[in-house]
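Values in this text are rule-based calculations from the coordinates and carry no lab data. Bear in mind that the values here come from a model prediction, so they are computed numbers and not experimental data. Ideal geometry is used to build each Cβ from the backbone, glycine not excepted, and the neighbour counts take in all protein chains shown.
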Amino acid sequence: MPKKEKQGVVVSDKMDKTIVVKVASYDPHPKYKKIIESNKNYKAHDANNECGIGDTVRIVESKPISGGKRWTLSEVVEKAK
């Protein structure tokens, strides 16, 4: 199976070599069909500490790195202004 990829926005970079990425998903309500946004935070490994708050990044799943880290930074799509 290929590795899963997600794209989101960095909401925290205070930990060493770790970033927290907020990923939004949009799904219709089962009954009313209105599109609902749900957010989830993922901790990702940032080996070079290159990301800052507000950056748009792409993360890829990896083997467990620590207790809560299961994702690795793939690329920085857009730097924050």
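Observations, loosely collected:
- Residues in segment 71-81 that are within 18 Å of Asp16 (Cβ to Cβ) and touching a residue at least 40 places away in the same chain (Cβ under 8 Å): 2 in all.
- Subset of segment 39-59 that is in contact with a Ser or Thr (Cβ under 8 Å, 6 or more places away or on another chain), buried (at least 16 other Cβ atoms within 10 Å of the Cβ) and not charged (D, E, K, R) - its residue that is farthest from Val9 (Cα to Cα): His45
- On the stretch given as segment 16-38, residues that are surrounded by fewer than 13 Cβ atoms within 10 Å (Cβ to Cβ) and assigned to a loop (DSSP other than H, G, I, E, B) total 7.
- The residue pairs whose first member lies in segment 43-70 and is on the phi > 0 side of the Ramachandran plot, whose second member is part of a loop (DSSP other than H, G, I, E, B), and whose beta carbons are closer than 6 Å, counting only pairs six or more residues apart or on different chains, are Gly54/Ala80.
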